[in-house]
Amino acid sequence: MLSKSATDVRLRKALGANGQRFTEQRGAVFRYLAQTDVHPTAEEVFLAVRQRLPAISLGTVYKSLETLVGCGLAVKLTYGDHSARYDGRTDPHHHARCVSCEKVLDLPGELLTGEIDSLRETAGTFTVTGYRLELSGYCPECVPTKDLLVTA
Ligand SMILES: [Zn+2]
Ligand SMILES: [Zn+2]
């Protein structure tokens with residue numbers, strides 16, 4: 001985990017490179033994202049950051065998150081039916097998502113890049129700009145008993 005000052009230096013650099021100002025709000029949002037691996041929603045970030053900055057609004061948190069994503073400091077995971085989640089980890093990694101509580105976990109494993117390249121070759125006229133792999137299932141707290149899994 002980066003110290004508070006190292007995190008701020010990284011943030012100021014990236015904001016400056018993108019013509020954005022450092023603000024206390026952006027600093028607080030980034031610091032929170034950098035030290036958590038829960039992939040929070042904007043509302044969850046708001047609830048956490050509000051403890052330090054009571055005057056911050058959900059709208060400001062949302063805009064700060066979008067600024068961080070625009071500067072390459074965070075990744076936005078969008079889901080069709082629910083609000084987006086934000087990831088302070090920007091290195092390539094994969095996720096597992098619980099179909100019950102919707103928790104998103106980082107997977108330690110990696111795909112071989114050769115396998116991704118071979119899939120890319122089958123895309124034909126489709127222009128590939130990226131990919132996303134996510135395992136779905138049950139987290140340890142939500143996993144049903146074996147009987148339920150068999151009948152489901
Ligand atoms: Zn769960
Ligand atoms: Zn992640």
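The values are calculated or read from the model by the stated rules, or taken from the named source; none is laboratory data. In this text the structure is predicted, and so the values were computed from the model without any measurement. Counting neighbours? That spans all protein chains shown, and the Cβs are built from the backbone with ideal geometry, glycine included. Side chains are part of the model used for accessible areas, which takes the heavy atoms of the whole protein and leaves out ligands, DNA and RNA. Shrake-Rupley method; radii C 1.70, N 1.55, O 1.52, S 1.80 Å.
Working from label points 7 Å from Cα in the Cα-to-Cβ sense, the residue 6 to residue 58 distance is 3.5 nm.
Taking 91, 37, 106 in turn, the Gaussian network model of the chain (Cα-Cα springs below 10 Å) assigns the largest fluctuation to 91. Accessible surface for residue 71 stands near 20 Å², nearest 10, in the context of the full protein assembly shown (1.4 Å probe). Number of Lys-Lys pairs in the chain with C-alpha atoms under 28 Å apart and a separation of 8 or more places or on different chains: 10. The label-point distance for residue 102 and residue 142, in a model that sets each label 7 Å from Cα toward Cβ, rounds to 0.9 nm. If you take the square roots of the eigenvalues of the alpha-carbon gyration tensor of the chain and sort them as a ≥ b ≥ c, do you get rounded (a/c under 1.5), prolate (a/b over b/c) or oblate? In terms of gyration-tensor shape, oblate. Given a 1.4 Å probe and the protein chains as shown, residue 112 ends up with an accessible area of around 120 Å². Under the combined filter of DSSP loop state and at most 10 neighbouring Cβ atoms within 10 Å, region 15-48 retains these trypsin sites (Lys or Arg not before Pro): 21. Extending 7 Å from the Cα toward the beta-carbon at both residue 24 and residue 120 defines two label points whose distance is 4.5 nm.
Among the chymotrypsin sites (Phe, Trp or Tyr not before Pro) in region 1-94, those located in a DSSP loop and surrounded by at most 16 other Cβ atoms within 10 Å of their own Cβ are 22, 79.
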